[in-house]
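Chemist: Could you have a look at this structure, given as structure tokens, before my questions?
Here, each number is a calculation from the coordinates, and none is a lab measurement. As the structure is a computational prediction, the values presented were derived from the model and not from experiment. Backbone-built Cβ (ideal geometry, glycine too); neighbour counts: all protein chains shown.
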Amino acid sequence: MSIDLKTREIKPLRHTYTHVARLIGGDKPATRYQETLGAQPSANFHYRPTWDLEHDLFDPSRSKIRMDQWDDLRDPRQFYYATWTMARARQFEAVETNFAFVESHGMLAALPEKIREEALVVLTPLRHVAWGDNMNNSQICATAYGAAFTAPAMLYAMDQLGIAQLLTRFALTLGEAAELERGRDAWLRDPTWQPLRRLLEDSFVITDPLELFVVQDVALDGLLYPLIYEGFVQDKLVPAGGAAVGLLTAFMSEWHEETVRWIDAVLRKLASFSSENATTLSGWAQASIARAKEALAPVAARALGEKAPAVLGDAAESLQRRLAKAGLSV
Amino acid sequence: MAVKTVKPYRFAPRDTVDKFPAPILYIGWEDHMMFVSPICLPVPPDTPFQALMDKILPDAYGMHPDFAKIDWSKVQWFKSGKPFVPEPAKTLRENGLGHKDVIRFRTPGLEGIGGAYF
Amino acid sequence: MDTRVEKKKLSLRERYHLMTRGLGWEPTYQPTEKVFPFTAYEGIKIHDWDKWEDPFRLTMDAYWKYQGEKEKKLYAVIDAFAQNNGFLSLTDARYLNAIKIFIQGVTPLEYYAHRGFAFAGRHFRGEGLRVACQMQSLDELRHTQTELHSISVYNKFFNGFHNPLHWFDRVWYLSVPKSFFEDANSSGPFEFLTAISFSFEYVLTNLLFVPFMSGAAYNGDLSTVTFGFSAQSDESRHMTLGIECIKFMLEQDPDNVPIVQRWIDKWFWRGYRVLTLVGMMMDYMLPKRVMSWREAWEIYGEQNGGALFQDLGRYGIREPAGFRDACDGKDHISHQAWLTFYTYDPVAAFHTWVPSDAELDWLSAKYPESFDRYYRPRLLYLREQQAAGTPVANKNLPLLCNVCQIPMFFTEPGDPRRICYRESVYEGERYHFCSDHCKSIFDHEPEKYVQSWLPVHQIYQGNCFKPGTDPTAPGFDPIKAVLDYYEINNGRDNLWYDNSEDRRNFEAWTAEARGN
Amino acid sequence: MSNVFIALQDTDEARPIIEAILADNPQSQLTHSPAMVKIDVPNRLVIRRERIEEITGLPFDLQRIHVNLISLSGHIEEDDDQFVLSWKR
């Protein structure tokens, strides 16, 4: 009897937290995602950071971009830690299956040497790019404003660490540990990679977290992923007998397709808030796409030969279309 | 000694007297922890010390049964922990009390509820 | 034909090394000190960042796998608890006030840690150390969110849960944990790690989580037990980051030793002061008690802390300066804090009460040195006044310690009859402290603590009223105006348990559920 | 000599780990709290993968300990075969 009663409805006094109700338009049942919004302290800070005297610990004025409500920068994936972690755990089970499949079905043996070599030369140095990406998104999480935006930035940073490690595993599967050294050496010295390394190192000193977001997540990743994982891996290597390479890097394309939804939603929200925002973002995007295109050109040439300019051009065009849809003029 | 920072690190103190309606005075009644801690009050500097005893202390502490039993002639005063003899007719300023000074008074023979310093 | 030989399986150590180390590089297009501008200014000397030892070699795939499993289990419990009105199985709704303190005072700290470790994870040099910090940033985000999610069900049915983030930035007693963590986050990355990973996570966190979670288990709060222990499983990684970081700094250069020692002195004391709230929770807020604050302090503070500092002696580190005084406080601080909150309950977003006779007897047994002599008579007086309809409430605002921001109710070490007063004058301004150790923290870094946002002073400065409030209007009630600014619902979130809506509801719901 | 300790959730999953600790650390002192088991050992505590595998009859990855771990003290050394907590002196 009492079991029946325990499950009987008791009328709640309220449906969600007050700060959440403010963000979702009133006291109504909130999703778990919504209950993670607004978690950042925002008033009455005590001490100025010893590492940034000009700003409060959390301070929207670190960016040129203005917003009334930073927690409006919602993630269309509605990721919170649990859903993100479980999604990545599932995806990496698939990665695991793919590695096992490739290793056990002689796909490595079947991989033409030329493809193997090309894949290693192009993909191994990208470990370092992913690490730089991880640094930049950690920085965005640390210095941008509002839990709604900074939390996905940290998830993005850790995705990049996962990608750096996946590329490491890829290199170790296709070759020996010396491949990592060779890739590192190319990253540090080979002229093919220097413009890209320079771009990343320049990005490490950007202090505006949203400018950094545009330079890294919008422009560089927006060009790099289509160029490498579609243009190079899917369209070039896979048809030429490199199915194994396609299988082992399938996560990257899937990841990119997923994360652009977040990136575009953030841009759209920022740009629609004010024409000043739209102008600033457009300026950053134009400059950083141009710069990223330039920096990727030698990598594209190494990967795709004479087709490089066309593939890179297509990637840039489709990125520009994305941004135009998000309300930027590029 | 100084904070280690990337650039010179100096900020105006947050609690200077100009920011308050009147200078802050802290008052503690020894052996009476029902009041938890010294209390914090803005008090105009031209308030006579007598007014502190006649008005401010009864408002703050009158609810305690010991308060009515205080023999004011025996009360011992301390300023920053050192014995202090206030002149009742003079103002707080004239008694040397300034912003964020702390005074305490001990009421000999009174040790709070049940002798438990409460 | 496969000419390559079968690869030998890599050990955990080798695999982790390849997966993490060597990802980073020395920049050449930008000066290193511009890319990593914050590694030197604290005075810590690091000669070889690669000497950092990774104790837990978790790659992201393993991280996702294990964390994913934990989350799946945790949310299954949270769902079941909410669906079955699990809160009706609590021993007593008084218990929930401990959880209110948790979401008001601890959950926002998890969030600060999330952001602070993101900063450290970006700005340290070696990859091993950075990855450990980044994972911790992620874990702390997890804790913030799982706590908000677990406690969400209580918010629907009880008061004092609905506005924790707003309260955290404003309410007087929450400036204690807020200033603590902002102090850490506003420090450089090495001090931050010493503060949070070592002093808080490694030395003190057992005192926070273990009693809290065991208390939850004892009192029928399955939801909190689950999130708590699930969070703790990350915590052991964090504790290890703390001790490894300390060893790393101490082994890198002898000049680091005095800097680290001073940080340990400071952060041990800062953390210990914050834990006063936990002591009070253990001794007073659990209807079924697990162990006293004193016992917990003896196990986790004295025994473990003792072993740890003995071990660190080989680096020239001694126990924290405040350690003896902390041990001295074990008979008193929980009682002093509870009495404070009881008499200030009109302006707190949780309920207090006078313990029952059986509970008073438990306290006497646990505190033979102090309870009957000092604290039982006080509580009995509060009970008597409450019964007479004149509950003791303080209408005076208290003097707060300029460093820990706790009202100055702590007594002199060795003399529980006397409040401990300390003060310093810096550039013509006077500052007050609750103890030698808070004073010494101030004296070392006065430029930092002149910025303290002290809630009592802020009220008097007129900064704690909603816009449009006119303090000169006739009949102006400053307490009501401050409660309004706090967004504490007067009569629902605050005041004593006995007459609370929480109590009435809980008794009605459980009577219905248990009756029939 | 000081104790090191490990605290684990009192769950079915953790039971083989607890048993393995008790088997390989004869000086273990076991304390049960609500939902938690704490094991203190003077100076050094070792968890051996093989011992757990012997108990469960299944392969065990030591990193799995994290799922049930509550707290610990001492310095940590972990490799594929064992997980050690110790004080250095």
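Chemist: For chain D, modelled as a Gaussian network with Cα springs under 10 Å, which listed residue fluctuates most, D:PRO59, D:PRO16, D:PRO42?
Modeler: Answer for the Gaussian network model of chain D: D:PRO59.
Chemist: For chain C, what does the relative contact order come out to in percent, with C-alpha contacts under 8 Å and a separation of six or more? Spell out each step's value before the answer.
Modeler: On the way: 657 pairs, mean separation 85.3, N = 516.
With pairs under 8 Å counted, the relative contact order is 17 percent.
Chemist: Only Lys, Arg, Asp and Glu count, each charged at its Cβ (+1, +1, -1, -1), so figure out the dipole size of the stretch A:105-224 about its Cα centre, rounded to 20 debye.
Modeler: 200 debye
Chemist: Then there's this: From a point 7 Å beyond the Cα of A:VAL205 in the direction of its Cβ, which residues of the stretch C:23-52 have a backbone N at a distance under 16 Å?
Modeler: Residues C:26-39 fall inside that zone.
Chemist: Can you tell me the mean projection area, over all orientations, of the convex hull of the stretch A:47-148's alpha carbons? Units nm², please.
Modeler: 10.3 nm²
Chemist: Among all the lysines, which ones have a C-alpha under 18 Å from A:LYS325's C-alpha, if same-chain residues fewer than 8 places away are not counted?
Modeler: A:LYS269
Chemist: Which of B:PHE11, C:PHE341 has the fewest other C-beta atoms within 10 Å, and how do the rest follow up to the most?
Modeler: Working: B:PHE11 12, C:PHE341 22.
If I rank by nearby Cβ atoms, fewest first, I get B:PHE11, C:PHE341.
Chemist: Separate question: Treat the count of other C-beta atoms within 10 Å as a stand-in for reagent exposure and order B:VAL17, A:VAL102, A:VAL121, A:VAL129 from fewest to most.
Modeler: B:VAL17, A:VAL121, A:VAL102, A:VAL129
Chemist: Next question, about the same structure. Distance in nm between label sites at C:ASP470 and D:LEU30, each 7 Å beyond Cα in the beta-carbon direction?
Modeler: The answer from the label model is 7.3 nm.
Chemist: A further question on this structure: With no solvent and one equal point scatterer per Cα, compute the Debye intensity ratio I(q)/I(0) for the stretch A:183-309 at 0.19 Å⁻¹ and report its log10, rounded to two decimals.
Modeler: Those come out to -1.14, one per q.
Chemist: Before rounding to the nearest 500, sum -39500 (n - 2.57) across all DSSP H runs of length at least 4 in chain C and divide by the residue total; then give [θ] at 222 nm in deg cm²/dmol.
Modeler: -16000 deg cm²/dmol
Chemist: Let me ask something additional. State the dimensionless ratio Rg/Rh of the protein assembly as shown (Rg: radius of gyration of Cα atoms; Rh: Kirkwood radius).
Modeler: That ratio equals 0.99.
Chemist: Could you tell me how far the Cα centroid of the stretch B:92-113 sits from the Cα centroid of the stretch C:389-413, in Å?
Modeler: So the two Cα centres are separated by 16 Å.
Chemist: While we're looking at this one, here's another question. If you place +1 on the Cβ of every Lys and Arg and -1 on the Cβ of every Asp and Glu, how big does the dipole about the Cα centre of the stretch D:3-86 come out, in debye to the nearest 20? Walk me through the numbers before you get to the answer.
Modeler: On the way: 7 positive and 15 negative charges, 67 e Å.
So the dipole magnitude of the stretch D:3-86 works out to roughly 320 debye.
Chemist: Calculate, axis by axis, the spread of Cα positions in the stretch C:339-379 along the three principal axes, and write the results as whole Å, longest axis first.
Modeler: 32, 18, 14 Å, listed from the longest principal axis down.
Chemist: Another one. Excluding A:TYR156 itself, what net charge comes from residues whose Cβ is under 10 Å from its Cβ, given Lys and Arg +1 and Asp and Glu -1?
Modeler: Spelling it out: positives minus negatives among the neighbours equals -4.
Chemist: I want the antiparallel fraction of DSSP beta bridges within the stretch B:20-115, as a percent rounded to 5.
Modeler: Percent antiparallel among DSSP bridges in the stretch B:20-115 is about 70.
Chemist: Quick one: net charge around C:GLU42, please, counting Lys, Arg +1 and Asp, Glu -1 for every other residue with C-beta under 9 Å from its C-beta.
Modeler: 0
Chemist: How do C:387-393, C:278-284, B:36-42 rank on mean C-beta neighbours within 10 Å, highest first?
Modeler: Highest-to-lowest ranking by the protection proxy: C:278-284, B:36-42, C:387-393.
Chemist: Using amide H atoms built in the peptide plane, which far-off residues or other-chain residues are under 5 Å from D:ARG44 H to H?
Modeler: Hits under the 5 Å cutoff: D:VAL4.
Chemist: Treating only the Cβ atoms of Lys and Arg (+1) and Asp and Glu (-1) as charged, compute the dipole magnitude of the protein assembly as shown about its Cα centre; round to the nearest 20 debye. Please list the in-between numbers first.
Modeler: Working: 115 positive and 138 negative charges, 205 e Å.
I would put it at about 980 debye.
Chemist: Let me ask another. Let me check against my output: what whole-number percent is the relative contact order of the stretch A:81-325, with C-alpha pairs under 8 Å and at least 6 apart?
Modeler: So the answer I get is 24 percent.
Chemist: Then there is this: Explain nothing, just compute: Karplus ³J(HN,Hα) = 6.51 cos²θ - 1.76 cosθ + 1.60, θ = phi - 60°, for every residue of the stretch B:61-68 in order, whole Hz, x for Gly and Pro.
Modeler: Karplus-based 3J(HN,Hα) across the stretch B:61-68 equals 10, x, 5, 7, x, 6, 4, 5 Hz.
Chemist: Find which of C:GLY306, C:GLY322, C:MET282 sits farthest along the positive direction of the dipole of the stretch C:245-336, computed with +1 on the beta-carbon of Lys and Arg, -1 on that of Asp and Glu, about the Cα centre.
Modeler: C:MET282
Chemist: Still on this structure, I have one more. Evaluate the distance, in nm, between pseudo-label points positioned 7 Å from the Cα of C:GLN310 and of A:GLU96 along their respective Cα→Cβ axes.
Modeler: Here the modelled spin labels are 4.2 nm apart.
Chemist: Using alpha-carbon positions, what is the distance between the centroids of the stretch D:45-79 and the stretch A:27-68, in Å?
Modeler: 40 Å
Chemist: I'd like the distance between the alpha-carbon centres of the stretch A:95-137 and the stretch B:4-49, rounded to an integer number of Å.
Modeler: Going from one Cα centre to the other spans 65 Å.
Chemist: Skipping prolines and chain starts, which residues have an amide H placed within reach, meaning under 5 Å, of the one on D:MET36, given they are 5 or more residues away or on another chain?
Modeler: Correct list: D:ASP10.
Chemist: May I have the convex hull volume per residue, in Å³, for the Cα set of the stretch A:81-325?
Modeler: Working: hull volume 28.0 nm³, N = 245.
Each residue corresponds to 114 Å³ of Cα convex hull volume.
Chemist: Moving to a separate point now. As a test of the definition: which semi-axes, in Å, follow for the stretch D:3-86 when you take the square root of five times each eigenvalue of its alpha carbon gyration tensor? Largest first, please. Mind dumping the intermediate values first?
Modeler: Details: eigenvalues 59, 45, 27 Å².
In descending order the semi-axes read 17, 15, 12 Å.
Chemist: How about the stretch C:257-303: which trypsin sites (Lys or Arg not before Pro) there are in a DSSP loop, with at most 14 other Cβ atoms within 10 Å of their Cβ?
Modeler: Passing sites in the stretch C:257-303 are C:LYS288.
Chemist: Could you work out which residue, out of D:ARG44, D:ARG15, D:ARG64, moves most in a Gaussian network model of chain D, that is, has the largest mean-square fluctuation with Cα springs under 10 Å?
Modeler: D:ARG64
Chemist: If you don't mind, another one. Give the Debye-formula value of log10 I(q)/I(0) at each listed q (0.09, 0.12, 0.18 Å⁻¹), with one equal scatterer per alpha carbon of the stretch C:49-173, two decimals each.
Modeler: The calculated log intensity ratios at q = 0.09, 0.12, 0.18 Å⁻¹ are -0.35, -0.59, -1.02.
Chemist: Separate question: Could you pull out the trypsin sites (Lys or Arg not before Pro) across the stretch B:39-118 that fall in loop regions by DSSP (anything but H, G, I, E, B) with no more than 15 other Cβ atoms inside 10 Å? Each step should come with its number before you reach the end.
Modeler: On the way: sites: B:LYS55, B:LYS69, B:LYS74, B:LYS79, B:LYS90, B:ARG93, B:LYS100, B:ARG104, B:ARG106; in loops: B:LYS74, B:LYS90, B:ARG93, B:LYS100.
Those satisfying the criteria are B:LYS74, B:LYS90, B:ARG93.
Chemist: Please compute P(r) over all alpha-carbon pairs of chain B, binned at 5 Å starting from zero, and give each bin as a whole-number percent.
Modeler: 2, 10, 19, 22, 16, 11, 7, 5, 4, 3, 1, 0
Chemist: Using just the alpha carbons, could you tell me how many Å³ per residue the convex hull of the stretch C:374-516 encloses?
Modeler: 208 Å³
Chemist: Also, quick follow-up: Quick one: A:CYS141, C:CYS464, C:CYS401, fewest Cβ neighbours within 10 Å first, how do they rank?
Modeler: Ascending number of Cβ neighbours within 10 Å: C:CYS464, C:CYS401, A:CYS141.
Chemist: Using Cα-Cα distances under 8 Å and only pairs 6 or more residues apart, what relative contact order does the stretch C:147-301 have, in percent?
Modeler: Contact order relative to length: 30 percent.
Chemist: Quick one, can you get me the convex hull of the C-alpha atoms of chain C expressed as volume per residue in Å³? Write out the running numbers ahead of the final one.
Modeler: Numbers: hull volume 105.0 nm³, N = 516.
Dividing the Cα hull volume of chain C by its residue count gives 203 Å³.
Chemist: Which value, in Å to one decimal place, does the Kirkwood hydrodynamic radius take for the stretch A:29-101 when every pair of different Cα atoms is included?
Modeler: Taking the inverse mean of 1/r over all distinct Cα pairs, the stretch A:29-101 comes out at 15.9 Å.
Chemist: Here's a follow-up. Sum -39500 (n - 2.57) across every DSSP H segment of at least 4 residues in chain A, then divide by the residue count to get the 222 nm mean residue ellipticity, nearest 500.
Modeler: -20000 deg cm²/dmol
Chemist: May I ask which of C:LYS51/D:LYS88; C:LYS100/C:LYS480; C:LYS439/D:LYS88 have a Cα-Cα span longer than 25 Å here?
Modeler: Flagged as over cut-off: C:LYS439/D:LYS88.
Chemist: Which of D:ILE21, D:ILE6, D:ILE47 sits farthest toward the positive end of the charge dipole of chain D, with +1 on the Cβ of Lys and Arg and -1 on the Cβ of Asp and Glu?
Modeler: Working it through, the farthest residue towards the positive pole turns out to be D:ILE6.
Chemist: State the answer as a single residue: which of A:THR18, B:CYS40, C:GLY126 lies farthest towards the positive end of the charge dipole of the protein assembly as shown, with beta carbon charges of +1 for Lys and Arg and -1 for Asp and Glu, about the Cα centre.
Modeler: The listed residue farthest towards the positive side: B:CYS40.
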